[in-house]
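For reference, the structure discussed in these notes is given below.
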RNA sequence: GGUCUCGUGGCCGAGCGGUUAGGCAGAGGUCUGCAAAACCUUGUACAGCGGUUCGAUUCCGCUCGAGACCUCCA
């Protein structure tokens, strides 16, 4: 299975066979959050996408070092501002320390990711903890002659780079076109060329986050941290560099330039980019009023939401689309997902109770191969999920004695189903939180016992009344051949 | 304006040069005291117009529409 994985590499714009640099290990770097605001839907997509990839690579037997940074230095707001970075801006607004803001939002990011069952990366380095490493790269690039100083700031010389290396290998941009289309912005007079980007910025007096450097008291340029930290923890060349498509240009393109000069090569063998999220067909943006925090989803507190959607609903919804497609959030679509997910989860419980037969009517091996085939084809989770629903059909049919599985097949199905649903897709059961304890179990047994007696006496009034009242408490009662079953609805 | 992506049945969302994606919703049926659940059956979908082809939703061109990046953003 390990040999069949194919991934779409943005660098070649093609699907390529995945061959790790080291046969047993994979190094993966993913651009993490800028911690200056509440975690929102936009954070969920890359986290879940690369969590899936992380989980699947581990499942295939790779030892994965997954590095995802925390940007706590803050990027430049834009080239036009006076060098104030985002985190400093927010800090003054709220009258607290910049690091306090970064810590607060780092924590809330982690909290939301935990709810979404996103595994923590192997290393989560902070930009502010790697200023020295970033300054080293600036020095290397200066020494190599691909950067110049201008008024205390250091800029990368893109034009020179383009002459000796090819600029735009990742994004497909052509330098001349880029220059021709650059808008005239303030504060660009320091640059020789509008396409040049900052490696080090001199801090203006009001800029709070600042470090001493040979060039000025200032802060690192906004592409540098990823080059520095990926190199420190993963080396000159590692397997996967990931992030959202919006980072493709100029962020990742600039990273390639920096690494090429400082470390002699494009840092990553495979560049993987997840697509974006839209809400009701529109890009999610703060100005559009459709910017929804994850907490608002979980609580249903945003005005666009008809109800609360659980973390697992969000996760499953994202996984039902391929990571390279945009995914559109709407109440209707989320509620459809919610029902489908509930069927899947019910089936996982049914599966544990199934009884084996001496013959099989279903081909479990074929289903298993189909699931691996889907995942090996550039992590095609929608296809995988389609096959999981095929498994659901089998599970329910076996329960109804309309299909049969041998002991071996049943065990295989359990193993395959649980592996893909829980280990690889990273779903988890949510009902446990609101769930049962011994007292409830006992009470329910008692109540359903009384109802069973009423049913025996054909006292439908009593039995229906018990069921209706339980329904009102969100307890669902189903009569089956083996007696009544109950479950708590979310 | 430049670069690029996409346009699939009521909704979401895969895929492919000729054969059922899947989920949700709808219709019919089986089961059931009823209900729920489950299972079975059911949908002549591939933006429009041309072209290539024995055959295109799938390839090419154009048109229309949507979106992304180019500017902080995942």
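The values are calculated or read from the model by the stated rules, or taken from the named source; none is laboratory data. Remember, predicted model here, so these are calculated numbers, not experimental data. With ideal geometry, Cβ positions are generated from the backbone for all residues, glycine too; neighbour counts draw on all protein chains shown.
Inside the range A:266-301, residues that are free of Cβ contacts under 8 Å to residues at least 24 places away in the same chain and more than 12 Å from RNA strand B (Cβ to nearest atom) make up a count of 5. Look through the range A:143-169, keep the residues that are in a helix (DSSP H, G or I) and either touching a residue at least 40 places away in the same chain (Cβ under 8 Å) or not assigned by TED's automatic domain parsing to the domain that holds residue A:195 (or both), and return whichever of them is nearest to residue A:229 (Cα to Cα). Once the filter is applied, the top-ranked residue is A:144. When the residues of the range A:373-412 are filtered to those that are assigned to a loop (DSSP other than H, G, I, E, B) and surrounded by fewer than 21 Cβ atoms within 10 Å (Cβ to Cβ), the one that is farthest from RNA strand B (Cβ to nearest atom) is A:404.
Within the range A:242-255, residues that are on the phi > 0 side of the Ramachandran plot have Cβ atoms under 7 Å from residues that are near RNA strand B (Cβ under 6 Å from one of its atoms) and assigned to a helix (DSSP H, G or I) in these pairs: A:243/A:46, counting only partners at least 6 apart in sequence or on another chain. Residues of the range A:1-54 that are within 14 Å of RNA strand B (Cβ to nearest atom), assigned to a strand (DSSP E or B) and touching a residue at least 12 places away in the same chain (Cβ under 8 Å): A:6, A:7, A:8, A:15, A:29, A:30, A:34, A:40. Given the criteria within 11 Å of RNA strand B (Cβ to nearest atom), surrounded by fewer than 23 Cβ atoms within 10 Å (Cβ to Cβ) and closer than 30 Å to residue A:115 by Cα, does residue A:243 qualify? Considered against the rule, which asks whether it is within 11 Å of RNA strand B (Cβ to nearest atom), surrounded by fewer than 23 Cβ atoms within 10 Å (Cβ to Cβ) and closer than 30 Å to residue A:115 by Cα, residue A:243 comes out as no. Tell me, please, whether a residue that is within 13 Å of the chain's Cα centre (by Cα), modelled with pLDDT of 95 or more, farther than 21 Å from residue A:208 by Cα and assigned by TED's automatic domain parsing to the domain that holds residue A:123 can be found in the range A:56-63. No, because not a single residue in the range A:56-63 is within 13 Å of the chain's Cα centre (by Cα), modelled with pLDDT of 95 or more, farther than 21 Å from residue A:208 by Cα and assigned by TED's automatic domain parsing to the domain that holds residue A:123.
Just to be sure before I move on: is residue A:251 within 8 Å of RNA strand B (Cβ to nearest atom) and crowded, with 18+ Cβ neighbours inside 10 Å in the structure I sent?
yes
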